[in-house]
Amino acid sequence: MNTLSKLKQKYRYSLIILKQLVITDFKLRYKGSALGYLWTLLRPLALFAVLYVVFVNFLRFGGDIPHFPVYLLLGVVLWSYFVEVTVNGLTSIVGKGDLMRKLSFPRYVIVIAGSVSAFINLLINLLVVFGFMVINGVPLTITVLWLPLIILELFVFALGLSFLLSALYVRFRDINYVWEVLLQAGFYVTPIIYPLSEVAKRSEAAANILLLNPVAQIIQDARYSLITHETPTVYGAFSLYWIIPFIVVAVVTVVAAIYFRAMSPKFAEEI
Amino acid sequence: MSEPIVISVKEVSKHFRLPHEKVSSIKDFFVHPLQSLRGGKTSEVQHALDGISFDIKQGEFFGIVGRNGSGKSTLLKILAEIYQPSSGEVSVVGKLVPFIELGVGFNPELTGRENVYLSGALNGFSDKEIDEMYDDIVSFAELEPFMDQKLKNYSSGMQVRLAFSVATRSKADILLIDEVLAVGDADFQRKCFDYFSQLKKDKKTVVFVSHDMYAVREYCDRAALIDSSHIVAIDDSETIARKYVELFTETGERLSNPTLSPERWGDKRARYENVKTKMTGDGITIKADVIADESIDDPTFGIMVANAKGQPIFGTNTNIEQGKQLPLKAGESRGIEWEFPDIFNSGKYYVELTIMYKSVTEVSDWWKEAASFVITKTKDTPFIVNPPIRYTGKG
């Protein structure tokens, strides 16, 4: 209790600012739009609808996967979260330049605030996924208990990347475009619209390589825990192979933290 | 007075590297890897501050004055830990709150109420703490009916009032104040001065950056004069304010005032020549010759004296003074002379001379800086004029 209150005191200012930044972000998002906050749900649902019509109805993807629509939706929701956090995170420091030149507060708060508001959206979207699960009659299994840990991994990975990207963007303004291209490529190398089992049918090795991408690993794990056990995960590969995406997440997060810490005192004058 | 030192600045220097060709794209990084690692093709190092040292004691009202670009604001930002010093050390004891600008973080899309909470958070107040002081903030800003309107619909004066009202709640041991007085109307400035008086009464430590020597004289106990990145002097505010004024009179530079440019216009049917300024024991005399190339039936000669800020102090013309105009014949040369008492504070003053005609509608010669003079006095007042005043009575 004592150490907790000490910690609370130390991070009091950061927490106060964090809270206000998240609240402000919520108020300002979709300001002036008629549907307002509903767009948080409508955007991934619209993307889902398009993908569903094209890939499930016309191209007959995921024929033998049970509950493929929910399987697809979960992938879309998780990917949208990853995109939202990193894209907003990338410009977060530069975008708040004015604030940084006038006040000295811990710079990391800005990046975390963006990530937290996206995370709240993710939770709302996951509720929609649960709704679809009920409609589709997806049985819940004990593996659902893994889900919080999987989501935590996604949160950490996306936040770590945001720290790295936002600090890099202060110096290199091209990062913006590089990241856009990488995300576009990422959408296709990550098993979101196609079932990974289709890849595995043709080449087991290719499927395993795709799973090295932490986002792919996370999406597959989430599907495994929530929807169907008949989906390939990284643990299906040989021995300790599964540890690699976790190492990627850890390395990215540590490097990002070190780089951000080193750069943040100079943000005010370099922006 | 042996109050403890709360701000200690030791040998602080700050330089900014200004690359002539800023490397901010990855292409540059690959095309000129070595140069980009060094930080640009040719980079110029700008020394914003060089070997600055001073101490501020608890409860002191400390002024920092200097010309534009002298490094004042950089120093303030280093004290506020917004910038890191390139070398040297700054130590601060106690909670320090910077007011670099009013209304930092205000968002025009939010309502006044929401902005109070946002701005309060940036000043370190939790929601609960703001709940408690919310009514005070609003009534001090005199904005009760407007709090649920969006900030973008506020006038700039209303925004400033709200920002100031939030800012003045800060519970700090040390306040950094930068040019807050530069904005707002007379009523607002009075509120600012009231706040300063309150700070002084409460024995708060204040670091105050300003161009306004009246305010510096009035409130600061001590002040530092910074010029071209160095501290020129640290002394009592009266001495520093005088040195600051001398800085301008020496170089002939005027305070940042774009309206006072050396301009002269008119059709020059008659014009001024040989303008001379003479300082006598208790007054100033301005002499000039009026040369008429063409005849003018109703010439009016005018004079106006302004201070270095471009603020007019007084003016008059021959129409007001004599109520008649003496015609000028073509080829005529006429000497004129103005004499006025020394009612000035220390500083540099500019004399504007005019020749008008056709019932003071046409300009023959309008000379914005026909002459200038410098006043040096031992005692200055924080007002526009400083006429000789006699006081009788005790104390």
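The values are calculated or read from the model by the stated rules, or taken from the named source; none is laboratory data. Since this is a predicted model, take the numbers as computed values, not measurements. Reconstructed Cβ throughout: ideal geometry from the backbone, glycine too, with neighbour counts over all protein chains shown.
Some points to look at:
- For the range B:80-99, the tally of residues that are closer than 21 Å to B:V12 by Cα and assigned to a strand (DSSP E or B) stands at 9.
Rundown of residues vs (1) among the hydroxyl-bearing types (S, T, Y); (2) more than 11 Å from every other protein chain (Cβ to nearest Cβ); (3) buried (at least 16 other Cβ atoms within 10 Å of the Cβ); (4) not in a helix (DSSP H, G or I), yes/no style:
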position	(1), (2), (3), (4)
A:K6	no, yes, no, no
A:Q9	no, yes, no, no
A:I23	no, no, yes, no
A:Y30	yes, yes, no, yes
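- With respect to the conditions (1) crowded, with 20+ Cβ neighbours inside 10 Å; (2) small (G, A, S); (3) away from chain A (no Cβ under 14 Å), B:G88 falls short on a single one, namely (1).
- Residue in the range A:209-231 that is over 27 Å from A:I112 (Cβ atoms), free of Cβ contacts under 8 Å to residues at least 60 places away in the same chain and of a type in the set (V, I, T) present: yes
- Residues in the range A:45-95 that are small (G, A, S), outside any helix (DSSP H, G or I) and touching a residue at least 24 places away in the same chain (Cβ under 8 Å): A:G62 alone.
- The set of residues in the range B:100-122 that are closer than 22 Å to A:S14 by Cβ, more than 7 Å from chain A (Cβ to nearest Cβ) and assigned to a helix (DSSP H, G or I) comprises B:N115, B:V116, B:S119, B:G120.
- Residue ID - modelled with the highest pLDDT, chosen from residues in the range A:67-105 that are out of contact with any helix residue (DSSP H, G or I) (no Cβ under 7 Å at 6 or more places or on another chain) and within 14 Å of chain B (Cβ to nearest Cβ): A:G95
- Scope the range B:125-151; condition surrounded by 13 or more Cβ atoms within 10 Å (Cβ to Cβ), within 14 Å of another protein chain (Cβ to nearest Cβ) and in contact (Cβ under 8 Å) with a residue 12 or more places away in the chain; matching residues: B:F125, B:I130, B:K150, B:L151
- Lone qualifier among B:V305, B:V360 - being of a type in the set (A, V, I, L, M), surrounded by 14 or more Cβ atoms within 10 Å (Cβ to Cβ) and touching a helix residue (DSSP H, G or I) at 6+ places or on another chain (Cβ under 8 Å): B:V360
- Counting only helices (runs of 4 or more DSSP H) that sit completely within the range A:101-193, those holding 3 or more residues that are under 21 Å from A:E230 (Cα atoms) correspond to A:108-136, A:147-171.
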